[in-house]
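Novice: Handing you this structure, nothing more for now.
The values are calculated or read from the model by the stated rules, or taken from the named source; none is laboratory data. None of the values given here were measured: they were computed from a predicted structure. Using ideal geometry, Cβ is built from the backbone for each residue, glycine included, and neighbour counts are taken over all protein chains shown. Side chains included, ligands, DNA and RNA excluded: accessible areas come from the protein's heavy atoms. Shrake-Rupley method; radii C 1.70, N 1.55, O 1.52, S 1.80 Å.
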Amino acid sequence: MSAVNIRVAGAVQGVGLRPFCYREATRRGLAGFVLNDLGGVVIFLEGSREAIEGFVYELRNNPPPASCITGIEVQKAEEQGLRGFRILQSEAGQASQELQVSADLATCHNCRREILNPPDRRHRYAFTNCTDCGPRYTIISSLPYDRPKTTMAEFKMCEDCQREYDDPSDRRFHAQPDACPVCGPELVLFDASGRVLRCKDPIKETVRLLLSEKTVAVKGLGGYHLMCDAMDPESVERLRKRKRRAHKPLAVMCANIEQARSLAVISREEELVLRAPAAPILLLPWNPDVGEDIRAALAPLNPGVGIMLAYTPIHHLMFATDLEGKRLNPLVATSANRGDEPIIADELELFDKVGDVIDAVLAHNRRIANRIDDSVALVSSDSPSGSPRGDEVSSRGEIHLIRRARGFAPAPIETPFCFPPSLAVGAEMKGSFAVAAGNRVWLSPHIGELSGRASMEFFEQTLTTYLRWFHVEPEVVVCDAHPDYLSTRWAERYAEDKGIRLYRVQHHHAHVASVMFEHEIEEEVIGLALDGTGYGPHPADDYSSIWGCELLYVHDRGGRFKRLGHLKPLPLVGGELAIRRPRRMAAGVIADLFGKDKAIEMFGKEGEIAGKLLERENDVLRVLRGVVRGVLRASSAGRLFDAVAGLIGLVDEITFEAQAPVALESLCPADLEAKSGYPFEIGSNLILDPAPCFAAIIEDMEKGLAPSEISARFHLGFARVLVDWLVRAREMTGTSTVALSGGVFVNRTLVRLLNNLARKERLLPLLPRLIPATDGGLAAGQLLAARALIELEPIKAQTT
């Protein structure tokens, strides 16, 4: 006879691990117990050595599908003479750093079968779940994860549900959200004014409204979606006008993979990700058969569409409902919010903020404790991401998160780095923070743009939850170097109030460091950071403080960087106006590079305004030599794409971030490699000059070359010059490892070209996978840079 204590760490509570242990132990004739505690799950076993070894093998190799085990520790123990195997109640108290909270999980096959099976007692029940699926993060109030500590506490289980919950052989054994039509949450339908619409079946009535071209707010796992018929351009346009979302792409929800294929081309790897428990929105190329009216309605001037599959019983029941032979088409499923504020999860806030957008509301009485938006991702088989690591979604293909949220947060990231208790607050756009302690980092879900009160309140609420759950008391806080971000000001106050150290990390340094974090790199790297804007260190008489196309050398384990080169700063004539209007951006660039007359020739009045402002700047600077600042300039890849889009007349007015670059990419034909790219010039100081590129574009426009060809030549030329840039950086630094980050790397065309060309030059390009390349991943890079600085200079806080 032998006895062992086993400790299991990871996302192991609420995922069916305890019933799994019961079944395996009973099957092998083992005695003992299992319980959730402050460190995850504790198991005590006694019996034959062979049986114990078999149990441990199954635990390591075939755990419950919803679990994510990060550590199994087995120690010899004294025999206790126990009979049988029991599941004990959880211990009380605060959660520890060892505990992981499971992300919410898409409805499993078994539950989906039950709700569509008329004889089943859960037929058409919208809150069906089990230990393999359903809500987790969104219903937890405190830890450990047990029903009394969730928003399901107010629903007392009926005898049948209690019997399932207590039966170790049942797949609902200790499923905390377990419920049925007798005892669980209920649906209710409201009209736009908040008046209850009396009906026998709220889901059927919702389907009737959607088939009648109405817009309905539907409560999901982490908040409300605004839904309408995605195949009806008039319904979509009505939603856009009401929500004041003129051009930004709208996510689409489909019933199944077959319906999704009617809209998009989907690879086997992409299908696996769509069907996975995380069920993110996946950016997919258009199906060639989709008409221009549908494309223009859902994602105008976009190379593809964002699709997710139905992931809750409510969604599955809506799509399964047949009304006189009619079923739902794919549905627009966009977050219910205003602008870039957080997703709405509360009915009162819903009616207050988007009451004028909706015709009805499908709600329910299961409260959402922690709201969370949908994750957004893309899959690429040829992207420069190096070796995969972390919480895998698919064993094939490369998933790259663009927005980390439902299905991924709040699962921690295990790292070889050791962090002091730390907090990094990210930047402003794509708001997200990170909490670290020891070898674990918890990234927050997507917060929203940290530029207003609603987003900052959500930031603080979520942060309070994370610090309490994971028992972290920060000794260090890290922020962006930009002095005017609300997140920076918040971090300054927090550091002062708590009496802890504050570190500031330059924006693009943090981008590169985020790649080092995910790929577990401490050696020096070449960093290529391409985005829209980021605050950069600059001399007092230099008005080019906006960075965004940066060649960096990051060293000292990620703690310090040197700016090797950058794009020649482009003028933002009119400041914010140039960012909002690509035509103004282009007029300023042409006037700056080729003179006012050429700008007037190409842009008329717009060119004349740009030329005069630049002439006035030159006159002032000649006299005052920098005492008065002139036209703001930006070494920004995003603004370079804007200028090209404005030059060929692609986008008149920017209504969402990266609109012009996305539109430019949408024009690219498939056979890019066969074309000749536009030339750029790299100066001896590694300044990237786009003047030859713009000269060649103007020449092609005068020849009448199609915009698609211009876009193709621009993408190829830019990718080639970036690789030439990287080769020169390798000659200077001696390293071939290249960390790629920044919002521009959402451009799959550029990424594919850059990866292929870089590998031919024997460079090793790396992109983040499970940490967004956008500003949503900055907090991870801030943590890595600050950690290195602490080790290098442990006393005085430094700005990098």
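Novice: Kindly provide the set of residues from the stretch 436-464 that are open to solvent by 20 Å² or more (accessible area, probe 1.4 Å) and among the β-branched types (Val, Ile, Thr), ordered by number.
Specialist: 464
Novice: Here is a further query. Determine whether the stretch 665-687 contains at least one residue that is touching a Lys or Arg at 6+ places or on another chain (Cβ under 6 Å), touching a residue at least 60 places away in the same chain (Cβ under 8 Å) and either open to solvent by 40 Å² or more (accessible area, probe 1.4 Å) or outside any loop (DSSP other than H, G, I, E, B) (or both).
Specialist: Scanning the stretch 665-687 turns up at least one residue that is touching a Lys or Arg at 6+ places or on another chain (Cβ under 6 Å), touching a residue at least 60 places away in the same chain (Cβ under 8 Å) and either open to solvent by 40 Å² or more (accessible area, probe 1.4 Å) or outside any loop (DSSP other than H, G, I, E, B) (or both).
Novice: So, one more: Checking residue 706 against (1) touching a helix residue (DSSP H, G or I) at 6+ places or on another chain (Cβ under 6 Å); (2) open to solvent by 20 Å² or more (accessible area, probe 1.4 Å), which test does it fail?
Specialist: Every listed condition holds for residue 706 apart from (1).
Novice: Checking residue 526 against (1) under 22 Å from the mean Cα position of the chain (by Cα); (2) open to solvent by less than 10 Å² (accessible area, probe 1.4 Å), which test does it fail?
Specialist: Among (1) under 22 Å from the mean Cα position of the chain (by Cα); (2) open to solvent by less than 10 Å² (accessible area, probe 1.4 Å), the lone unmet condition for residue 526 is (1).
Novice: Quick check on my filter: what residues within the stretch 358-416 are closer than 22 Å to residue 70 by Cβ, at pLDDT below 85 and surrounded by 21 or more Cβ atoms within 10 Å (Cβ to Cβ)?
Specialist: Passing the criteria: 385, 393.
Novice: Could you name every one of the strands (runs of 3 or more DSSP E) located completely within the stretch 504-595 that has at least 1 residues being over 29 Å from residue 417 (Cβ atoms) and aromatic (Phe, Trp, Tyr)?
Specialist: none
Each row is one residue, and each column tells you yes or no for (1) among the hydrophobic types (A, V, I, L, M, F, W, C); (2) in the same structural domain as residue 639 (by the TED database).
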{"site": "732", "(1), (2)": "yes, yes"}
{"site": "735", "(1), (2)": "no, yes"}
{"site": "745", "(1), (2)": "yes, yes"}
{"site": "754", "(1), (2)": "yes, yes"}
{"site": "761", "(1), (2)": "no, yes"}
{"site": "785", "(1), (2)": "yes, no"}
{"site": "792", "(1), (2)": "yes, no"}
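Novice: Got at least one residue in the stretch 137-150 being open to solvent by 60 Å² or more (accessible area, probe 1.4 Å) and either in the same structural domain as residue 68 (by the TED database) or not small (Gly, Ala, Ser) (or both)?
Specialist: Step one: filter the stretch 137-150 for residues open to solvent by 60 Å² or more (accessible area, probe 1.4 Å), giving 148-149.
Add one more test, that the residue is either in the same structural domain as residue 68 (by the TED database) or not small (Gly, Ala, Ser) (or both), and what stays is 148-149.
For the stretch 137-150, residues open to solvent by 60 Å² or more (accessible area, probe 1.4 Å) and either in the same structural domain as residue 68 (by the TED database) or not small (Gly, Ala, Ser) (or both): present.
Novice: Could you tell me whether any residue of the stretch 502-513 is small (Gly, Ala, Ser) and within 23 Å of residue 401 (Cβ to Cβ)?
Specialist: Looking only at the stretch 502-513, we keep the residues that are small (Gly, Ala, Ser), and these are 510, 513.
If we keep only those that are within 23 Å of residue 401 (Cβ to Cβ) as well, we get 510, 513.
Within the stretch 502-513, one or more residues are small (Gly, Ala, Ser) and within 23 Å of residue 401 (Cβ to Cβ).
Novice: Look at residue 278 and say whether it is under 15 Å from residue 376 (Cα atoms), outside the structural domain of residue 113 (by the TED database), of a type in the set (Gly, Ala, Ser) and touching a Ser or Thr at 6+ places or on another chain (Cβ under 7 Å). Walk me through how you get there before you give the answer.
Specialist: Values: under 15 Å from residue 376 (Cα atoms): yes; outside the structural domain of residue 113 (by the TED database): yes; of a type in the set (Gly, Ala, Ser): yes; touching a Ser or Thr at 6+ places or on another chain (Cβ under 7 Å): yes.
Yes; evaluated as a whole, the condition is true for this residue.
Novice: Considering only residues that are of a type in the set (S, T, N, Q), more than 20 Å from residue 1 (Cα to Cα) and open to solvent by 10 Å² or more (accessible area, probe 1.4 Å), which ones fall in the stretch 22-76?
Specialist: Of all residues in the stretch 22-76, those of a type in the set (S, T, N, Q) come to 26, 36, 48, 61-62, 67, 70, 75.
Keeping just the survivors that are more than 20 Å from residue 1 (Cα to Cα) gives 36, 61-62, 67, 70.
Selection gives 61, 62, 67, 70.
Novice: Among the residues of the stretch 112-136, how many are open to solvent by less than 10 Å² (accessible area, probe 1.4 Å) and either in the same structural domain as residue 276 (by the TED database) or assigned to a helix (DSSP H, G or I) (or both)?
Specialist: Matching residues across the stretch 112-136 total 1.
Novice: Name the residues in the stretch 356-367 that are under 17 Å from residue 188 (Cβ atoms), under 27 Å from the mean Cα position of the chain (by Cα) and either β-branched (Val, Ile, Thr) or outside any strand (DSSP E or B) (or both), would you?
Specialist: 358, 361, 366, 367
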